[in-house]
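Enquirer: Attaching a single structure in structure tokens format; questions to follow.
The values are calculated or read from the model by the stated rules, or taken from the named source; none is laboratory data. Remember, it's a predicted structure, so these values are computed and weren't measured experimentally. Cβ coordinates were reconstructed from backbone atoms using ideal geometry, including for glycine residues, and neighbour counts include every protein chain displayed.
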Amino acid sequence: MPTTDTLIPATNITDSQTVPVTLNGKNILICKANGDFYAVDNMCTHQRAELTGGRIRNCFLACPLHGVRFDLRTGKPMGELTRVPLKTYDVRLADNGNLQIELD
Ligand code: FES
């Protein structure tokens with residue numbers, strides 16, 4: 001599995017912040033929730049809205065358009081609007097302090 005460095009220092013991301021990045025042509029959203037980093041596809045599985053700026057509560061990211069909440073750990077949606085999970089990616093903190101995303 002290729003790993004891609006985001007060039008974003010982990011210290012630049014504050015809790016409950018979402019940061020969109022393009023890695024290998026993929027639109028990925030990095031999220032920080034309760035001190036942990038997560039990465040998911042930046043595209044809601046309901047009507048394909050970008051998730052940038054969605055509100056984070058605990059480990060859940062809410063879509064800005066209709067509010068479906070996705071579990072950042074698993075990508076699983078809550079509620080009835082969609083049953084399709086978000087794709088999630090493993091995130092690592094590299095020795096240089098940047099975040100690394102494991103793409104497949
Ligand atoms: S587009 Fe995200 S909940 Fe509808």
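Enquirer: Exactly one of (1) of a type in the set (S, T, N, Q); (2) under 20 Å from Asp5 (Cα atoms); (3) under 13 Å from the mean Cα position of the chain (by Cα); (4) surrounded by fewer than 18 Cβ atoms within 10 Å (Cβ to Cβ) is unmet by Asn42. Its number?
Expert: Among (1) of a type in the set (S, T, N, Q); (2) under 20 Å from Asp5 (Cα atoms); (3) under 13 Å from the mean Cα position of the chain (by Cα); (4) surrounded by fewer than 18 Cβ atoms within 10 Å (Cβ to Cβ), the lone unmet condition for Asn42 is (4).
Enquirer: State all residues of region 1-60 that are at pLDDT 95 or above and of a type in the set (Asp, Glu); if no residue qualifies, say none.
Expert: The answer is Asp15, Asp36, Asp41, Glu50.
Enquirer: Would you please name the residue that is farthest from the ligand (Cβ to nearest atom), looking only at residues in region 20-48 that are polar (S, T, N, Q) and touching a strand residue (DSSP E or B) at 6+ places or on another chain (Cβ under 7 Å)?
Expert: Filtering first and then ranking leaves Asn24.
Enquirer: Shifting gears a bit: Out of all the residues in region 49-101, which are more than 16 Å from the ligand (Cβ to nearest atom), over 16 Å from Leu29 (Cβ atoms) and either without any contact (Cβ under 8 Å) to a residue 12 or more places away in the chain or of a type in the set (S, T, N, Q) (or both)?
Expert: Result: Asn58, Asp95, Asn96, Asn98.
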